[in-house]
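The values are calculated or read from the model by the stated rules, or taken from the named source; none is laboratory data. Fair warning: this is a prediction, and the values are worked out from it, not measured in the lab. FYI the Cβ positions are ideal-geometry reconstructions off the backbone, even for glycines, and counts take in every protein chain you see. Note: areas computed on protein heavy atoms with side chains; ligands, DNA, RNA excluded. Shrake-Rupley method; radii C 1.70, N 1.55, O 1.52, S 1.80 Å.
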Amino acid sequence: MKKHIVLLSLFVLIGISSIQAGISYNLSDFETQNGTLSIGSVQENGKNFFKIGGSPDLTFGPLQVGLDINAYIGKGTPSSLQPIVLRRIAYDHNHIAGFEWGRLQHVTYGQGLLIDNYDSGSFGSSELNNDKVGIKGYLDIHNIRVDAFHTASQVFGGRLSYTLSETFLMNSPLVFGGNYIKDQNGINKTIESNTIIRPVEEAWSADISMPIGGVFFTPYVEYAELTKGQTGKGQSLGIKGDFIVANYKLEYRSLEAGFIPGYFNESYEATSLDAANTPKDKTNGFLGAFSASLNDYIKGGIIYENYAHHTPLLTGAIGWHKIGNTTGVANYTRSFTGDDNAILNSDILYSTDNGLDYVVHFKRIYFKNGKQEDTYSVSLRFGLKAFGLPF
């Protein structure tokens, strides 16, 4: 408990920056180089494979396209190591409508009681393939906004929100939202001897928020139901705020038997739902979320959850821009259902003066009975522009 308090205090003292609830960082958030050629080793299903890969990025006005072109060398190359991956297609029209294809990360609908930091590509190793991607889009006209996404793993989600521009309280707006999500076929995947299983699921939630002080102070409520597969109901009441260099979220939660908060989260695709860890009784508790930024070079975030009759939950992330020759991120996510559903991953980039970068990816997924699966890749990376290519 003392360790939790020390970590929480550290991030508050540094300063607070943007966070919704679930938090994680990507290496791409802290580096500027686009379009690379890499040579190195990749681990998949406990075997090592030699990899040569190019990742060109193309821009056509508002349209952005990113590809991964890979060659894997080794005996028995698994189908998860794919030669061509459509990494990203993105288009935005004057902040009115847009879409993005690729690995969907940081997807949060409403206040996060149901859909919180969902990640379509968290399963398996850090290697991206076409089975880890999806498409999301939005339409924002006047006071109505529609968001939706669909993944290769057959998870569909949508949100409809309406903003009442002025209300009786300091003329502040009032936002009404409704969210729906469905996993159409559940999850049944295997990492070596570890099988990931989740039932077919369907759920919905509704939320109301009132940004009284603009983005600085917003009280909100949310109600959610898991209606198929894992079932249960939950409610939340909280406040959140977003400053130029500060952001916070404090929330009280009341959870009925069977309800798992943030059910569709960062670890959803990578971890099982073990019946032994599902809540059997009604409980209540709170969530506190903070992130920190030190001159925009080092960023860190922490989430602390405490529920009656449950072990406290601590989730954290840290990332830094180039300090010396090193850039990196590290993320740890622990689910409401316990240590069996935790993920640790890190990416470290070491840059040299001659234009070569060394990149190390490490990922650990925790399973029940103390089992864990480690995967990693090590590569030497070149910027494609060094070869005269316009990527």
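Some observations on this one:
- Alpha-carbon Debye profile of the range 22-140, log10 I(q)/I(0) at 0.10, 0.16, 0.18 Å⁻¹: -0.37, -0.90, -1.09
- Within the range 270-368, all pairs of alpha-carbon atoms sorted by distance into 5 Å bins from zero give the percentages 3, 11, 17, 17, 16, 12, 9, 7, 4, 2, 1, 0.
- Point-to-point label distance, K228-D274, nm (Cα→Cβ direction, 7 Å offset): 2.7 nm
- Inter-probe distance in nm under a simple model that places probes 7 Å from Cα toward Cβ, at N26 and L344: 2.4 nm
- When the chain is treated as a GNM with alpha-carbon contacts under 10 Å, the residue of Y25, Y263, Y72 showing the greatest mean-square fluctuation is Y72.
- Computed in the context of the full set of protein chains, the accessible area of the chain at 1.4 Å probe radius has 61% of its extent on carbon or sulfur.
- Note on surface exposure: D242, D353 rank D353, D242 by accessible area, highest first, 1.4 Å probe.
- Pairs exceeding 27 Å between alpha-carbon atoms, taken from K47/K371; K47/K299; K51/K189; K132/K368: K47/K299.
- Solvent-accessible ranking of I323, I181, largest area first, probe 1.4 Å: I323, I181
- Estimated FRET transfer efficiency (Y162, Q372; beta-carbon r; R0 51 Å; 0.05): 0.70
- Within the range 89-207, the ratio Rg/Rh, alpha carbon atoms throughout and Rh by Kirkwood, equals 1.05.
- One chain, two ends: I197 and A71. Fully extended at 0.36 nm per residue, the span grows by 42.3 nm beyond their Cα-Cα distance.
- This structure gives Cα extents along the principal axes in Å, computed directly, and of [x] 96, 74, 33; [y] 67, 55, 42; [z] 61, 48, 42 that value is listed as [z].
- Computed over protein heavy atoms with a 1.4 Å probe, the accessible surface of the chain works out to 47 Å² per residue.
- Eligible aspartates and glutamates near K280 by straight Cα distance, threshold 20 Å, same-chain separation 8 or greater: E201, E202, E225, E256, E305, D339, D340
- Rounded to the nearest 10 square angstrom, R88 shows an accessible area of 80 square angstrom against a 1.4 Å probe.
- Cα long-axis angle, helix 2-14 against the chain (0 to 90 degrees, to the nearest 10): 80 degrees
- Coil-residue GluC sites (Glu not before Pro) of the range 114-202, DSSP, other Cβ within 10 Å capped at 14: E166, E192
- Within the listed set F99, F30, F168, the Gaussian network model of the chain (springs between alpha-carbon atoms below 10 Å) gives the highest mean-square fluctuation for F168.
- Cα-based convex hull, the range 194-234, per residue volume (Å³, whole number): 104 Å³
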